[in-house]
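Peer 1: A single structure is presented below for examination.
The values are calculated or read from the model by the stated rules, or taken from the named source; none is laboratory data. The shown structure was predicted, so the numbers you read here are calculated from the model rather than taken from an experiment. When we count neighbours, we look across all protein chains shown, and the Cβ atoms used for this are built from the backbone with ideal geometry, even at glycine.
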Amino acid sequence: MRKLIVSLFCAGACLTVNAQAGSLKEIKLNEPDKTRGKSVMQALSERKSTREFSDKELSFKDLSDLLWAANGVNRPDGRRTAPSARNMQDITVYLCTKEGSYRYNAKEHLLEPVSEGDVRPIGTASVCLILVADDSKEYNMIDAGIVSQNISIFCAGVDLATVPRGQMDKNKISEALKLTAPQTPVLNHPVGYFK
């Protein structure tokens, strides 16, 4: 009987460890490297939409800098790299990977786990950024476009491949990202290395 109890305890402990190892964790991102990349004019000249991606995973440095460039905090007063109509800051960036989805916390420059599972609209890119409007205000489409342009220019400046897309299963994405009305997925950006 004692052996049975010990065996059950060990099995339970193993299951608990495996469940914890499989769950997503908060990820503190690197400080952005603000000296890297091409000139703005060269990045604008080389910006293009790419729909084919390498299988190579995005480096942590590239991921950290990408998220900061998209809509990170660039001033002590909390203002962002992307301008926002009336400073509403109504766009939240989510990151979708093979393993799961995260919310980008721009203030702390970290990724907060949201859900496990792959919901990338284009599964061939290393990651996909989902731009979510936090409310239904009239300016959120403009603000999403500005964040999208930041992503495109950053990618062109550091030789990453991306394409801004409106097509996605919004219901599936909303469920995976645990969005509540009026939050709405507006655009998505698969990002990876060129094939």
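Peer 1: Within the group S115, S101, S23, which residue is of a type in the set (S, T, Y), modelled with pLDDT under 95 and touching a strand residue (DSSP E or B) at 6+ places or on another chain (Cβ under 9 Å)?
Peer 2: That would be S23, the only listed residue that is of a type in the set (S, T, Y), modelled with pLDDT under 95 and touching a strand residue (DSSP E or B) at 6+ places or on another chain (Cβ under 9 Å).
Peer 1: Any chance you could count how many residues in the stretch 139-154 are farther than 17 Å from Y193 by Cα, assigned to a helix (DSSP H, G or I) and touching a Ser or Thr at 6+ places or on another chain (Cβ under 9 Å)?
Peer 2: Residues in the stretch 139-154 being farther than 17 Å from Y193 by Cα, assigned to a helix (DSSP H, G or I) and touching a Ser or Thr at 6+ places or on another chain (Cβ under 9 Å): 6 in total.
Peer 1: A further question on this structure: Name the residue that is farthest from K38 (Cα to Cα), counting only residues in the stretch 155-172 that are touching a strand residue (DSSP E or B) at 6+ places or on another chain (Cβ under 9 Å) and in contact (Cβ under 8 Å) with a residue 60 or more places away in the chain.
Peer 2: Step by step, filter the stretch 155-172, then rank; the result is P164.
Peer 1: Could I ask something else about it? Which residue is surrounded by the fewest Cβ atoms within 10 Å (Cβ to Cβ), if the candidates are limited to the stretch 46-61 and must be hydroxyl-bearing (S, T, Y) and touching a residue at least 12 places away in the same chain (Cβ under 8 Å)?
Peer 2: So the residue we want is S49.
Peer 1: Here is a follow-up. Checking E108 against (1) over 19 Å from E26 (Cβ atoms); (2) modelled with pLDDT of 95 or more; (3) surrounded by fewer than 21 Cβ atoms within 10 Å (Cβ to Cβ), only one condition comes out false. Which one?
Peer 2: (1) is the only condition that E108 fails.
Peer 1: Out of curiosity, is D159 among the acidic types (D, E), assigned to a loop (DSSP other than H, G, I, E, B) and either closer than 14 Å to D65 by Cα or touching a Phe, Trp or Tyr at 6+ places or on another chain (Cβ under 6 Å) (or both)?
Peer 2: Judged against the criteria, D159 is a match.
Peer 1: For residues in the stretch 118-144 being in contact with a helix residue (DSSP H, G or I) (Cβ under 8 Å, 6 or more places away or on another chain) and of a type in the set (D, E), which is modelled with the highest pLDDT?
Peer 2: D143
Peer 1: On the given criteria, is I91 buried (at least 19 other Cβ atoms within 10 Å of the Cβ), over 16 Å from D62 (Cα atoms), among the β-branched types (V, I, T) and under 14 Å from the mean Cα position of the chain (by Cα)?
Peer 2: yes
Peer 1: Out of T16, T50, T92, I need the residue that is part of a loop (DSSP other than H, G, I, E, B) and either farther than 30 Å from S136 by Cα or modelled with pLDDT of 90 or more (or both). Which one?
Peer 2: Within the list T16, T50, T92, the selection yields T50.
Peer 1: Which of the residues that make up the stretch 95-115 are of a type in the set (V, I, T) and either part of a strand (DSSP E or B) or over 15 Å from A176 (Cβ atoms) (or both)?
Peer 2: Answer for the stretch 95-115, where residues must be of a type in the set (V, I, T) and either part of a strand (DSSP E or B) or over 15 Å from A176 (Cβ atoms) (or both): just V114.
Peer 1: While we're on this one: Give the number of residues within the stretch 162-195 that are touching a Pro at 6+ places or on another chain (Cβ under 8 Å) and part of a loop (DSSP other than H, G, I, E, B).
Peer 2: Matching residues across the stretch 162-195 total 6.
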